[in-house]
Amino acid sequence: MTASERLLGRLDAIARSVAAEGDALALLGLGSVGLETGRIDEWSDLDFFVVVEPGHKARYLDRLDWLARAHPLAWHFRNTGDGHKALMEDGLFCEFAVFEPA
(Lines give C-alpha, C1' and ligand atoms only; values in the text may rest on other atoms or scores of the structure.)
Protein backbone atom coordinates (compact mmCIF):
# COMPACT_ATOMS: atom_id res chain seq x y z
CA MET A 1 0.00 0.00 0.00
CA THR A 2 1.38 3.42 -0.91
CA ALA A 3 1.54 6.31 1.56
CA SER A 4 -1.18 8.04 -0.43
CA GLU A 5 -3.49 5.00 -0.33
CA ARG A 6 -2.91 4.61 3.40
CA LEU A 7 -3.61 8.26 4.29
CA LEU A 8 -6.54 8.77 1.95
CA GLY A 9 -8.00 5.40 2.91
CA ARG A 10 -7.82 6.34 6.58
CA LEU A 11 -9.43 9.71 5.86
CA ASP A 12 -12.25 7.82 4.12
CA ALA A 13 -12.63 5.58 7.19
CA ILE A 14 -12.85 8.67 9.43
CA ALA A 15 -15.43 10.16 7.06
CA ARG A 16 -17.57 7.02 7.34
CA SER A 17 -17.27 7.11 11.12
CA VAL A 18 -18.30 10.75 11.53
CA ALA A 19 -21.12 10.26 8.99
CA ALA A 20 -22.44 7.41 11.15
CA GLU A 21 -22.60 9.77 14.14
CA GLY A 22 -25.41 11.69 12.45
CA ASP A 23 -24.40 15.15 13.69
CA ALA A 24 -21.31 15.83 11.58
CA LEU A 25 -21.67 18.34 8.78
CA ALA A 26 -18.27 18.08 7.09
CA LEU A 27 -14.84 16.50 7.20
CA LEU A 28 -12.12 18.63 5.65
CA GLY A 29 -8.74 17.18 4.74
CA LEU A 30 -5.91 19.68 5.13
CA GLY A 31 -2.42 19.96 3.68
CA SER A 32 -1.22 16.81 1.96
CA VAL A 33 -4.60 15.07 2.43
CA GLY A 34 -6.49 18.14 1.22
CA LEU A 35 -5.84 19.92 -2.04
CA GLU A 36 -2.13 19.07 -2.00
CA THR A 37 -2.24 15.26 -2.29
CA GLY A 38 0.69 15.37 -4.71
CA ARG A 39 3.03 16.02 -1.80
CA ILE A 40 2.04 12.97 0.27
CA ASP A 41 5.13 10.99 1.23
CA GLU A 42 6.09 8.36 3.81
CA TRP A 43 6.39 11.06 6.53
CA SER A 44 2.99 12.68 5.94
CA ASP A 45 0.49 12.80 8.76
CA LEU A 46 -3.27 13.15 8.69
CA ASP A 47 -4.51 16.70 9.27
CA PHE A 48 -8.24 17.39 9.23
CA PHE A 49 -11.13 19.45 10.56
CA VAL A 50 -14.52 18.07 11.58
CA VAL A 51 -17.47 20.46 11.43
CA VAL A 52 -20.41 19.39 13.59
CA GLU A 53 -23.90 20.63 14.30
CA PRO A 54 -24.24 23.24 17.05
CA GLY A 55 -24.03 21.75 20.51
CA HIS A 56 -21.96 18.69 19.52
CA LYS A 57 -18.40 20.00 19.54
CA ALA A 58 -17.65 19.02 23.15
CA ARG A 59 -18.74 15.43 22.53
CA TYR A 60 -16.29 15.07 19.63
CA LEU A 61 -13.46 16.55 21.68
CA ASP A 62 -14.20 14.70 24.92
CA ARG A 63 -14.79 11.22 23.46
CA LEU A 64 -12.69 10.00 20.55
CA ASP A 65 -14.65 6.80 19.90
CA TRP A 66 -15.58 8.18 16.47
CA LEU A 67 -11.87 8.39 15.58
CA ALA A 68 -10.98 5.03 17.13
CA ARG A 69 -13.66 3.38 14.95
CA ALA A 70 -11.57 4.35 11.92
CA HIS A 71 -8.50 2.72 13.52
CA PRO A 72 -7.60 2.01 17.17
CA LEU A 73 -5.69 4.75 18.99
CA ALA A 74 -2.42 4.19 20.83
CA TRP A 75 -2.18 7.69 22.34
CA HIS A 76 -3.80 11.13 22.15
CA PHE A 77 -3.89 14.46 23.92
CA ARG A 78 -5.86 17.64 23.62
CA ASN A 79 -3.40 20.26 22.45
CA THR A 80 -5.77 23.21 21.87
CA GLY A 81 -9.26 24.25 22.82
CA ASP A 82 -10.42 22.91 19.47
CA GLY A 83 -8.29 19.87 18.81
CA HIS A 84 -6.13 16.88 19.51
CA LYS A 85 -3.01 15.14 18.38
CA ALA A 86 -3.43 11.38 18.11
CA LEU A 87 -1.30 8.38 17.24
CA MET A 88 -3.08 5.39 15.79
CA GLU A 89 -1.87 1.91 16.68
CA ASP A 90 -0.30 1.41 13.26
CA GLY A 91 1.85 4.54 13.67
CA LEU A 92 -0.27 6.99 11.68
CA PHE A 93 -0.15 10.41 13.36
CA CYS A 94 -3.19 12.71 13.24
CA GLU A 95 -3.81 16.33 14.09
CA PHE A 96 -7.38 17.52 14.04
CA ALA A 97 -9.76 20.19 15.24
CA VAL A 98 -13.52 20.24 15.70
CA PHE A 99 -15.68 23.25 14.92
CA GLU A 100 -19.31 24.26 14.84
CA PRO A 101 -20.56 26.42 11.93
CA ALA A 102 -20.63 29.65 13.97
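Tabulated results
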quantity	calculated
Per-pair calculated FRET efficiency, R0 = 22 Å: Glu5 and Thr80 via Cβ, rounded to 0.05	0.15
Carbon + sulfur, % of accessible area of the chain - ligands and nucleic acids excluded, 1.4 Å	54
Order by protection proxy (mean Cβ within 10 Å, highest first), peptides 4-16, 76-88	4-16, 76-88
Global geometry of region 43-83, whether rounded, prolate or oblate, following the gyration tensor of its Cα atoms and the 1.5 cut on a/c	prolate
Solvent-accessible ranking of Glu89, Glu95, largest area first, probe 1.4 Å	Glu89, Glu95
Simple spin-label estimate for Ala13 and Ala26 in nanometres, 7 Å along Cα-Cβ	2.5
Accessible area in square angstrom per residue, the chain, 1.4 angstrom probe	54
Net length gained if the chain between Phe49 and Arg69 were fully extended (0.36 nm per residue, minus Cα distance)	5.5 nm
Loop sites in region 28-70: trypsin sites (Lys or Arg not before Pro), DSSP, at most 12 other Cβ within 10 Å	Arg63
Structure-based [θ]222 nm, the chain - -39500 (n - 2.57) summed over DSSP H runs of at least 4, per residue, nearest 500	-8000 deg cm²/dmol
The chain: angle of helix 3-21 to the longest principal axis, Cα-based, in degrees nearest 10	20
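The values are calculated or read from the model by the stated rules, or taken from the named source; none is laboratory data. Note that the structure is predicted; figures quoted are calculated from it, not measured. Backbone-built Cβ (ideal geometry, glycine too); neighbour counts: all protein chains shown. The accessibility values were calculated without ligands, DNA or RNA, using every heavy atom of the protein model including side chains. Shrake-Rupley method; radii C 1.70, N 1.55, O 1.52, S 1.80 Å.
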